[in-house]
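Down below is the structure, laid out as structure tokens.
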Amino acid sequence: MAVTLRRHAAILIVIAAILLIAAPTLTYPLGRDQGEFATIGRGLLQGKAPYVDLWNPKPPAVFYVYAAAMALFGQTAPALRAIDLLIFPVIALTLYAIGTRLADRRVGVWAAALFGVFYFTETFWTLTQNDGIALLPMTLAMWCAIRAADAARRSWVWALISGAMLGWTFWFKYPFAVMGLPVLVIYAVIRRSWDKSIRSWDIFAICVGGLLTLVGGAAVMLSLGAWDALLESARLTSSYTTLTANLPDLIEAFRVALSYRWSQWGLLALLGVVGVVITARRRDARWWAVIVWLISGAAMMLVQAKGYDYHWLPMLSPLALLGGWGINQGLRTEVKGLRLESAVGPLSALRPPSWIALVALLLIMAVVIGGPTLPYLTGQEDQATYYARFVGGEFRADESLQVVNVLRERVVPGDSLFIWGFRPEIYYLSGLNPATRFIFQFPLVADWYPPEWREQTAEILWAALPPYVIVAQVDYMPWVTGSEEDSNTLLQAYPDLNDWLIYNYERDSQIGNLFLWRRKT
């Protein structure tokens, strides 16, 4: 055991250091998407059925992950932010294992380190996201496929687990089914590196594992009576996706997205390019399989036709591997003209140049995370001032905090609330339940959703009046609503709901871009 720990001391130190530096992310406020997952996850713990009682366009896996975090740590914002810290060590060790198998332990350490640094320096908006959590089964699926290819006996067990991870990945997002391609490629390449033929029972086991997870997820939805609603959700989501699947919108979306992503991943992208160049020079088929993984991640992002910050995350694991491959070779080579002369020594722990580069990278990570969090953690800022740092479009976390504090003072936890807009984090943080199954306004304003949903929502609200209603303004989201108007303006085009609001409520106050309406006495 002691020999094993010494052999892998470098990766254990790196994981511990990254977790320590990343710990302040527990204080990050929830964004809109995290609030959405949290509200539905809490509903699952209350016995509500997804899609039937709480509607959403995404598959259900992320809701169950959030529900598990709440069951373990409580219904707070830090309990959900802990998800990132919990999944990171598993992903890091898996990348370390893959890098070690494809090259050596130094590459594995660098892959894990690059992943951790670039993952945790994402914004509060991108952390604890559906696409980030899905990196866990994605990366495990690749490693299990490699183990299946390597195993002399019972390889089908690893293949079965790999397929199960693929099925789990699908339940995070439908486009993630593309992950099956790099898994099959890495299995075939590793087998060929041993000059062995592909074992048909391994491929069969991968398929069976994926099928078991898919059928299992479908069985859960059937048992909850949510299967038909899930299928309807998936069908309607395709209309939402195709809304921006045209050249002008794509160009505009990716013009902004590429600029931001370069500011976040510029260094990692350059290291990845070095890894690709080295792969091309050495013609190493194993690393070409990692490039296929990277291309598949890019396909997952592109097929969603939005270019959101978190849509790029499926590319992070393979990019970290290629970056680790590139930086490790760069630190061990000398440039002579245009020819790279390798200076490979015996396999050992990271050498001084590697440690210096790694420490510098961790210091950058500490500055990025510590800069906004340190004043709050040391008591120099109160929570409202700290939350004012977290802004996304018209969204301001301090406004959400202020609204939540007002509601907590005036309303009993467990009561209902109706929000006309996309601010579901208020439902979760206030402890109030959505008055209808729609926790945001998109399905009630976009043309491709059933018009009867509007009538049903108005009927439900007339039957049970929540104490407060919140109406958002200047939240222009044409890529999801199909309209250039904000929520406050769209309300005027919904006479049933607008009449209901005016008849039963009076304007109480305005907090930033949120109007609070109080039920009339």
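The values are calculated or read from the model by the stated rules, or taken from the named source; none is laboratory data. The shown structure was predicted, so the numbers you read here are calculated from the model rather than taken from an experiment. As a convention, Cβ positions derive from the backbone with ideal geometry for all residues, glycine included, and neighbour counts pool all protein chains shown.
Tabulated results
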quantity	calculated
Hits in the range 226-277 (condition: more than 15 Å from Val303 (Cα to Cα) and in contact with a Gly (Cβ under 6 Å, 6 or more places away or on another chain))	Leu268, Leu271, Gly272, Val274, Gly275
Residue in the range 467-490 that is farthest from Glu394 (Cα to Cα), counting only those that are touching a residue at least 12 places away in the same chain (Cβ under 8 Å) and among the acidic types (Asp, Glu)	Asp486
Number of the condition not met by Ser239 [criteria: (1) farther than 30 Å from Gly163 by Cβ; (2) surrounded by 18 or more Cβ atoms within 10 Å (Cβ to Cβ); (3) of a type in the set (S, T, N, Q)]	(2)
Out of Thr76, Thr94, Thr123, Thr128, sole residue that is over 30 Å from Arg437 (Cα atoms) and not aliphatic (A, V, I, L, M)	Thr94
Meets criteria (more than 21 Å from the chain's Cα centre (by Cα) and β-branched (Val, Ile, Thr)) for Val178	no
Count - residues of the range 91-136 that are among the basic types (Lys, Arg) and surrounded by fewer than 21 Cβ atoms within 10 Å (Cβ to Cβ)	2
Any hit, the range 398-408, residues being part of a helix (DSSP H, G or I), closer than 15 Å to Phe124 by Cβ and hydrophobic (A, V, I, L, M, F, W, C)	yes
Extreme residue, nearest to Ile83 (Cα to Cα), among residues of the range 144-157 that are surrounded by fewer than 23 Cβ atoms within 10 Å (Cβ to Cβ) and not β-branched (Val, Ile, Thr)	Arg147
Residue among Val185, Val208 that alone is at pLDDT 95 or above and either more than 23 Å from Val290 (Cα to Cα) or out of contact with any helix residue (DSSP H, G or I) (no Cβ under 7 Å at 6 or more places or on another chain) (or both)	Val208
Single unsatisfied condition, Gly370 versus (1) over 23 Å from Asn513 (Cβ atoms); (2) in a loop (DSSP other than H, G, I, E, B); (3) touching a helix residue (DSSP H, G or I) at 6+ places or on another chain (Cβ under 9 Å)	(2)
Filter result (touching a Lys or Arg at 6+ places or on another chain (Cβ under 9 Å) and under 14 Å from Met179 (Cβ atoms)) within the range 283-303	Met300
Residues located in the range 378-408, provided they are surrounded by 14 or more Cβ atoms within 10 Å (Cβ to Cβ) and either more than 26 Å from Tyr308 (Cα to Cα) or of a type in the set (Val, Ile, Thr) (or both)	Glu381, Gln383, Val391, Gln402, Val403, Val404, Asn405, Val406, Leu407, Arg408
Among (1) over 26 Å from Leu316 (Cβ atoms); (2) of a type in the set (Val, Ile, Thr); (3) touching a Ser or Thr at 6+ places or on another chain (Cβ under 6 Å), the one test that Ile206 misses	(1)
Unique residue being among the β-branched types (Val, Ile, Thr), farther than 22 Å from Gln510 by Cβ, at pLDDT 95 or above and surrounded by 13 or more Cβ atoms within 10 Å (Cβ to Cβ) when the list is Thr373, Thr333	Thr373
Criterion: acidic (Asp, Glu), out of contact with any Lys or Arg (no Cβ under 7 Å at 6 or more places or on another chain) and touching a residue at least 12 places away in the same chain (Cβ under 8 Å) - qualifying residue of Glu232, Glu252	Glu232
